[in-house]
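Student: Please find one structure pasted underneath; my questions will follow.
We did not get these values from a lab; they are worked out from the coordinates using the rules stated. Note that the coordinates shown come from a computational prediction; the quantities given were computed from them, not determined experimentally. Quick reminder, even Gly has a Cβ in these numbers, built from the backbone with ideal geometry, and neighbours come from all protein chains shown.
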Amino acid sequence: MLFFSHLFQTLKLEGRNMRILLLLTAITAASQAQTDCSRGACYPPSNDLLFGRAQLLHASSTCGLMGSEIYCTPYQQRKMECCPCDSRNPNSKLAHTVRDALPTSGPNRWWQSVKEVSPVTLQLDLDNLFQLDNVVLNFKGPRPGSFVIERSLDNGRSWQPALYLATDCGRTFPGIPTTSPQRLDDPYCSTLPPTGANPYQDHQITFSPLRQYANVPTTKSQIIEDASPLTGLRVRFTELGDVPRPPGRAFSRFFALREMKVMGSCMCHGHANQCLPDTSNNLLPDSVQVHPRCDCQHNTAGVNCERCADLFQDLPWRPAEDSNPHICKRCECNNHAQRCRFDQARYEATGRRSGGVCESCMHHTTGPKCDQCAPGFQTNPRSQMDRPDACIRCICNTEGTVNGGRCDESTGSCLCKENVEGPRCDRCKRGYYNLSPSNPLGCSECSCSTDGSQSDACDPITGKCSCRSHFQGLKCEVCSQGYWQPPFTGCCQPCGCDSTRSYGDTCDQLTGQCQCRPGFGGLKCTECAENTYGDPLIGCKLCRCDTEGTRSEVCDKRTGACLCRPGVNGTRCDSCSRGHCDSFPGCKTCPSCFFTLDAQREKLSSTLEKLSLRLPSRPVDGDLGNFTPRIRELETSLNLIQNSISLPPSVVVQVDDALSELNKLRDQVDKINNDLSPLERAPGLNSELDRLQALLDSLILEHKAKMDAKNNSVGQNNTGALSAIRNAYNESTDAAKKVISTKKPLKESADIREATMDLQNKVQPGNTGDLHKLNQSMASQPNLTPAAKQVCGSVRSEPCTPLQCAGGDLCPPDGTPPCEKSQVCVGALPLTKRADADAKDVKDRLDKLTGKITDAADKLQKTQETTNEVRKSAEKLSNKLKQARDGLEDDLKETRDVLNKLKDFLSDPSSNLTHIQEVSDWILNAKLPLNLAGLMRKLEELKNLAANLPDSSSVLNEAEPQLDAARKLLQEAQDARDTALGVKADVDGLLDGFGSVEGSLSDLEGRLQDTMDDIDNLNTNLIEVEKQLTPAEKALDDASKLITPMKPQLDELKDLLQTVAPLAQNLKDNAESAEDEAAAANKDLLTLEEQLGRLKDQAPPTGSEGSELGDRVEKLREEAGALVNSTNDMMKALEGKAESLRGLQDEVLQKSTELEGLDVKLKELLDQLRQKGEDLSTCQG
């Protein structure tokens, strides 16, 4: 009321009274709950949300809770009344709790706060989402000076102001506009009207969101959607009202509410017209009038219709609008899914036409619309995509096909991966193995060794290649035990390990090295151990070599000579060889300059050799002669070279050094000549001279080359040559020193060898004895018979040792029959053979099972086809029965109409007897195609046939689970077959599993046979149903043929009645005229009779004329009698028919009476419905 008052004042000021009043009228009409959900948004009727929710309303301040309080208010004129408030007992008359503000509290009850307390709040916690229509506050003065109505959407965690109210909005709520809001989010403060002379009088304030936002240019549904939802309501009183202050008196100020109403309904976003009780919440009392759950329409769901139903997610959910209900669209799942979800990306991709994605597709379908067959299934050509049998199982293997088990929809063939073959794509091609779904090619290549395998093919499951003799391994890439493969040979050779000097006949696969016992070595353990040499039977000697400079074998196993590695030389391999400049044991290769200088040295040596040819040769008789001339000649040649060429200072120094060395040699020669006899000769001196001669010859050649080059400087070349000469001399000197230094190691070596021989002579006899004992023990141990029994199932009882094994074969010979299933197999080899035989047996049984599965699948498919045909036949017969029933009902109705007309015609007293006779004769003479008894018999026969006819729907319904069970069993059979194949592939470790596999196969075969029997029985039932449907259809056709000829006669009777009926009135008129004429004729007849009597009296007693007249009179009397008799007969016949017609008339009247009773009941129901509608309309208003 306050809102409309203020709005009306505003409109008067703006001069738009009439237009706004019309608008308010329209809004008021639209505020009523719209119950028709078919055209747009609909809303449940409004009621008080506080009913049944008194415990959810709370006040921050209530008077008298802590004790009695006195409140003084004006009373009459110039008087004051003071009353107590004591709310400690809520049921007391002096209590004023918040529950007293409810409409159900009774008269003279109100809520009151503690005096002089401000602010105070009243809060309603609803715990569910509701739609607010209006709030009505009836204040028991004094009215507040200002307060705020707030709503919450998050169960009281936050609050939004819905309306500010104040006596002075500008002062109390500065910044809040006082003009009507133009947007839904605009705040608004409504000015409270004056209280008048008595501020303690009652005041009513009403708040309605629809009215508050009446000027906002939007729809009603949008206002309800944005401004009406709430989960909680709060009224916050912020300022106490003003009261008069007479002298000597003090009136109390407080907040008081006589009544509070919160009108609303469940929040349904325009998708429901009524609220339903929430069965899941048992806490709400029975007095609740507004329940939170909506009776959702428009294919929506949820407590507040806040989402689309499970199968209606093809379009995004939206609140309903005034002219658009925004009905949730059903997902196109082809009847294969119970729910779907909305996908925004798909919605955008389809141009905002469809966003539904079906979930949990059934009946072996998949895809966003369940319009594709799942992997392993194909489209059923004899069905449709929206039927449960739309997809049938493919025979394609999901692991071996490129499309996950799908087969071609038209041909049904399987598309195999590159390395897979077979009609079902279930086996690897030759040369491939390990069919795997993760392999894009299906199978992996065998990769058999070209050297060790017999072919490039392998086992299609395990990948085991077929090996040649002496080869083993998955790929036949390694040699068998006791063999090794030399490089580039392509075959395996025996290891040949010494049986007594090695641990066994096993050697390294690449090198052939046997595992030698301590003290033995060599490739086959026939030599001494590493770092020793000699004969192992006699005794091995330690190699006297520096192991840092030797190869891995250290020394020659026969001679003991050290085997130096490249870059190392020396007897013990302990020095670097020529061309390796680093110190031992590094011995790195010298840089390139060394080899250049070394080449120059070689040239100088060659020159010296040529010069030596010019020197006198040594005496043949052994006289060493005098070396002085030769040395002087060499000196002269060197001086000649020195003087002939100009050399760099460094080269000159080197030449001087060489001359100095020659002088030293000359001095030594002189000393030798003086000290030794002529027959003695210094060892090595001649060789040194030869070397110098060779050097001189090379220098001569170099000199000649330099002379040819004339002025060209020889530079560093001569320097290098002289350096080479000096190095050669140094090497020679070192070699001599080393020879001298080896005398002591040689002596030590001889001593060690002698000590070793002594040790060998002491130890060797014991070793020889131990070896002999070992040979004797091997004659009795170990006994190989128990091991042979465990390995090959040997039946031998005599012991068998490596050196003595007589008395029969250790293992059963080739060709021995394997142990039977009923026998107990002993030994790994017999068990393996039996496992292999069992695997072959299982494979054969699996092949047979596969054939049975295929036959069962074919039978199942044929049964499905028969089921579809029977279903079609049943539907066809049902349609024909319906058509026949409808036609018969129409004919019966038409017949009843004709009979009613006939009854009316016969019962009409104005009907002409002649016409009645004519109609009666036509009916009696009508020849029906079949008497009533025959027709009833045919109908009874058809009824019995229909009663005995089996329920085709029940048969088909029974067939569906059986078909599903058969399909499931076929799937189990295929899974069991795959499991059995897996067990077969693992027979090496799962021998015991064959028993369970055989049992499961037997059980599976039995179940499969039972299923095939069920399918046969189902086919038999379907055939019987089909046989019984045929006579039923024939009987229905016969009945139709019997009834059909009656229609023309019924039409003829109908035409006859229509022809005779119009004459009834004329006949009635004629009858009345005839009656009048008959009365007149009767009078004439009486006159005639009188005259006739007079004539008789006057007539003579005899005579011809009298006789003739008497005959005429008698004839007339006879004719009159006959006419009377005929009339009497007709009257009797008509009386009988009249009785029959009266019976029919009574029956019709009785039916009419019953119909009149139904009319009365129908009128009563209509009146009740009309009254109920008026009541609902009144409650809604």
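Student: Where nothing but the Cβ of Lys and Arg (+1) and of Asp and Glu (-1) is charged, how large is the charge dipole of the stretch 244-348 around its Cα centre, in debye to the nearest 20?
Tutor: Dipole magnitude for the stretch 244-348 comes out near 760 debye.
Student: If you bin every alpha carbon distance in the stretch 112-263 into 5 Å steps from zero, what whole percent lands in each bin?
Tutor: In whole percents, the pair-distance histogram is 2, 9, 18, 20, 20, 15, 8, 4, 2, 1, 0, 0.
Student: A further question follows. Only Lys, Arg, Asp and Glu count, each charged at its Cβ (+1, +1, -1, -1), so figure out the dipole size of the stretch 75-127 about its Cα centre, rounded to 20 debye.
Tutor: Taking the Cα centre of the stretch 75-127 as origin, the dipole is about 340 debye.
Student: Taking amide H positions as placed 1.01 Å from N in the peptide plane, with prolines and chain starts having none, which residues 5 or more places from Thr532, or on another chain, fall under 5 Å of its amide H?
Tutor: For Thr532, whose amide H was placed from the backbone, the distant partners under 5 Å are Cys543.
Student: May I ask you to work out the translational diffusion coefficient for the stretch 215-366 at 4 °C, viscosity 1.567 mPa s, via Stokes-Einstein with Rh from the Kirkwood sum over Cα pairs, reported in whole µm²/s?
Tutor: Calculated translational D: 66 µm²/s.
Student: Placing +1 at every Lys and Arg Cβ and -1 at every Asp and Glu Cβ, with all other atoms neutral, what dipole size does the stretch 364-516 have around its Cα centre, in debye to the nearest 20?
Tutor: So the magnitude is around 340 debye.
Student: Once the Cα gyration tensor of the stretch 114-188 is diagonalised, what are the square roots of 5 times its eigenvalues, in whole Å and ordered largest first, as equivalent ellipsoid semi-axes?
Tutor: One finds semi-axes of 21, 20, 12 Å for the stretch 114-188.
Student: Step through the table entries Lys603/Lys747; Lys557/Lys747; Lys475/Lys833, compare each Cα-Cα distance with 32 Å, and write down the pairs that go over it.
Tutor: Correct reply: Lys603/Lys747.
Student: Taking the inverse of the average 1/r across all pairs of different Cα atoms in the stretch 48-89, what Kirkwood radius in Å do you get?
Tutor: For the stretch 48-89, inverting the mean 1/r across all distinct Cα pairs yields 12.8 Å.
Student: How long are the three semi-axes of the equivalent ellipsoid for the stretch 366-458, computed from the Cα gyration tensor as the root of 5 times each eigenvalue, in whole Å, largest first?
Tutor: Square roots of five times the eigenvalues give 35, 11, 7 Å.
Student: In nm, to one decimal, how far is the Tyr503 label point from the Val791 one, both placed 7 Å along Cα→Cβ?
Tutor: Rounded to a tenth, the inter-label distance reads 1.9 nm.
Student: Can you quote the Å³ per residue value for the convex hull of the Cα atoms in the stretch 160-238, rounded to an integer?
Tutor: Enclosed volume per residue, from the Cα hull, is 112 Å³.
Student: Tally Lys/Arg at +1 and Asp/Glu at -1 over every other residue whose Cβ is under 14 Å from the Cβ of Ser455; what's the total?
Tutor: +1
Student: How large is the Kirkwood hydrodynamic radius of the stretch 67-131, counting all unique pairs of alpha carbons, in Å?
Tutor: Its Kirkwood hydrodynamic radius stands at 14.0 Å.
Student: Lys and Arg at +1, Asp and Glu at -1: add these up for the other residues within a Cβ distance under 11 Å of Leu315 and post the number.
Tutor: +4
Student: Follow-up. Compute and list, largest first, the equivalent-ellipsoid semi-axes of the stretch 224-264 from the alpha carbon gyration tensor, each √(5λ) rounded to a whole angstrom.
Tutor: For the stretch 224-264, the ellipsoid semi-axes come out as 36, 11, 8 Å.
Student: For the stretch 482-601, how big is Rg over Rh, using alpha carbon atoms and the Kirkwood form of Rh?
Tutor: Details: Rg = 18.9 Å, Rh = 16.5 Å.
For the stretch 482-601, the value is 1.15.
Student: Any idea what the relative contact order of the stretch 409-498 is, in percent, if you count C-alpha pairs under 8 Å spaced at least 6 apart?
Tutor: Relative contact order comes out at 18 percent.
Student: Still on this structure: Arranged from highest to lowest average of other beta-carbon atoms within 10 Å per residue, in what order do the peptides 241-250, 785-794, 151-160 appear? Walk me through the numbers before you get to the answer.
Tutor: On the way: 241-250: 11.4, 785-794: 16.8, 151-160: 14.4.
The densest-packed peptide leads the list: 785-794, 151-160, 241-250.
Student: For the peptides 456-468, 585-597, what is the packing order when you average, over each peptide's residues, the other Cβ atoms within 10 Å and list the highest mean first?
Tutor: Values: 456-468: 18.2, 585-597: 13.3.
In descending order of packing, they fall as 456-468, 585-597.
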